[in-house]
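All remarks here apply to the structure that follows.
The values are calculated or read from the model by the stated rules, or taken from the named source; none is laboratory data. Owing to the predicted nature of the structure, the values given are computational and were not obtained by experimental measurement. Methodologically, a virtual Cβ is constructed for each residue, glycine included, from the backbone with ideal geometry; neighbour enumeration extends over all protein chains shown.
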Amino acid sequence: MLCIKVKNIDAELTKKYLVKQKLLDTRYKVYAKNSFIYFPVLSKPKVKPRNFRFGFEDITFEPKGTRTDMVKRFIESHKERAKSFDILGNIAIVDTEPELVKKLAAAILKSNPNVMTVVRKGGAVSGVYRTRKYVYVAGKRDYTADYRENGCVFRFNINKTFFSTRLSYERKRITDLSKNGENVVVMFAGVGPFAIEIAKKNPKSKIVAIELNKFAHRYMLDNIRINKVKNVDPICADVAKVSKKYKNFAERIVMPLPKDSASFMNHALKMAGKECTFHYYAFGPSGDPYKESMDMLEKIARKNRRRFRVVFKRIVRPYSKNTVEIVLDFVMKRI
């Protein structure tokens, strides 16, 4: 069918023109390939507007919904064997049995024109940097993701850094809770998503983002520049070694390391001001996920002469058959 082909840079202006002239065929999906956008149109413009740069082509478009349905039907037809997948901008990560991985990858590439690369999980998250190995499956052999979330853009290498799309809601939730002008510490900051989203919403706040992984720190520097935030202080260091430098600094502390957060609470308390709100992530048994963490935090509070008050709790996600990841928002105040 007839379409108008434009470069990415001209796409938004062209779309507005086509909508205004009632030429865009809204029954079909807009198609993207390489550096061009293809708009399905009902007919050619009678007069080509001045300063518009586009050409005409005749290609096949699929009706809206059919591409996404293709992946859904594939997963449903193979049930648990196909499992699920995550999309990090231009990269899709599949978790499925080996004999199905190529077919699922093909369905994903066809269903989502923004996905250029499909990889599969090559092992569990491990090591001091909490990274995972990913294995190439299909598409372009590229492990650098460009991912958009909550009005921000993040770039990172999935093999060298840790990033979870499943914390998107948490990042938005904590950003909305934060107040402009606060001093905030983000421990285990990774490539900067918590810090940058908080900073962008609260330009008068001061955010200290601490990350041990030198590769993640380099990407954090890039992401600070990409998102044009000026109020993040990115630190490449071990939290245990720099916590004294920020003694009594923080009014809010984010601790997104569910496996080891408990062992860093004493360092977090050094950085906490007289009254500080914590966002604390941990693992717990699915039957009673909060008790162990709350008992431990109450003991730490008593030992350090602090009042301890939980203000919010939720299960973030299932982690395994009998384990869930939780978040506890609590306030500690010096007595």
Exercise. Do any strands (runs of 3 or more DSSP E) lying entirely in the range 85-193 carry at least 1 residues that are in contact with a Leu (Cβ under 9 Å, 6 or more places away or on another chain), and which ones are they?
Worked result: 91-95, 117-121, 134-139, 144-149, 152-157
Exercise. In the range 196-215, how many residues are assigned to a loop (DSSP other than H, G, I, E, B), farther than 20 Å from I158 by Cα and of a type outside the set (S, T, Y)?
Worked result: 3
For this session: Answer yes or no: is there a residue in the range 246-261 that is surrounded by fewer than 18 Cβ atoms within 10 Å (Cβ to Cβ), over 30 Å from V135 (Cα atoms) and not assigned by TED's automatic domain parsing to the domain that holds V119.
Result: yes
For this session: List the number of the failed condition for D176; all other conditions in (1) charged (D, E, K, R); (2) surrounded by 13 or more Cβ atoms within 10 Å (Cβ to Cβ); (3) assigned by TED's automatic domain parsing to the domain that holds V311 hold.
Result: (2)
Seminar exercise, completed: From the option list A209, A189, A199, single residue qualifying as assigned by TED's automatic domain parsing to the domain that holds K247, touching a residue at least 40 places away in the same chain (Cβ under 8 Å) and either of a type in the set (S, T, Y) or buried (at least 17 other Cβ atoms within 10 Å of the Cβ) (or both) is A189
Exercise. For the range 151-173, does any single residue satisfy the condition of being hydrophobic (A, V, I, L, M, F, W, C) and over 17 Å from the mean Cα position of the chain (by Cα)?
Worked result: no
Exercise. Of the residues that sit in the range 308-335 and are within 20 Å of the chain's Cα centre (by Cα), within 18 Å of M265 (Cβ to Cβ) and of a type in the set (V, I, T), which one is surrounded by the fewest Cβ atoms within 10 Å (Cβ to Cβ)?
Worked result: I326
Problem set entry | Qualifying residues in the range 74-94 (those that are within 18 Å of the chain's Cα centre (by Cα) and over 11 Å from M116 (Cα atoms)) - the one modelled with the lowest pLDDT | S84
Seminar exercise, completed: Given (1) free of Cβ contacts under 8 Å to residues at least 60 places away in the same chain; (2) under 26 Å from K33 (Cβ atoms); (3) surrounded by fewer than 18 Cβ atoms within 10 Å (Cβ to Cβ), V118 misses just (3)
Exercise. How many residues are surrounded by 13 or more Cβ atoms within 10 Å (Cβ to Cβ) and either touching a Lys or Arg at 6+ places or on another chain (Cβ under 6 Å) or in a strand (DSSP E or B) (or both) when one looks only at the range 278-295?
Worked result: 8
Seminar exercise, completed: Of the residues in the range 34-43, those that are of a type outside the set (G, A, S) and either at pLDDT below 70 or surrounded by fewer than 11 Cβ atoms within 10 Å (Cβ to Cβ) (or both) come to N34
For this session: Scan the range 242-267 residue by residue and report those that are aliphatic (A, V, I, L, M) and either without any contact (Cβ under 8 Å) to a residue 60 or more places away in the chain or under 14 Å from D329 (Cβ atoms) (or both).
Result: V242, I253, V254, M255, A262, M265
For this session: Determine if the range 132-145 includes at least one residue that is at pLDDT 85 or above, at positive phi, surrounded by 15 or more Cβ atoms within 10 Å (Cβ to Cβ) and in contact with a strand residue (DSSP E or B) (Cβ under 7 Å, 6 or more places away or on another chain).
Result: yes
Problem set entry | Residue in the range 179-197 that is polar (S, T, N, Q) and either at pLDDT 85 or above or in contact with a Ser or Thr (Cβ under 8 Å, 6 or more places away or on another chain) (or both) present | yes
Problem set entry | Selected residue [part of a helix (DSSP H, G or I), without any contact (Cβ under 8 Å) to a residue 24 or more places away in the chain and either under 18 Å from R130 (Cβ atoms) or β-branched (V, I, T) (or both)] from R225, R218, R302 | R218
Exercise. Looking at the range 19-33, which of its residues are surrounded by 14 or more Cβ atoms within 10 Å (Cβ to Cβ) and out of contact with any Ser or Thr (no Cβ under 8 Å at 6 or more places or on another chain)?
Worked result: Q21, L24, D25, Y28, K29, V30, Y31, A32
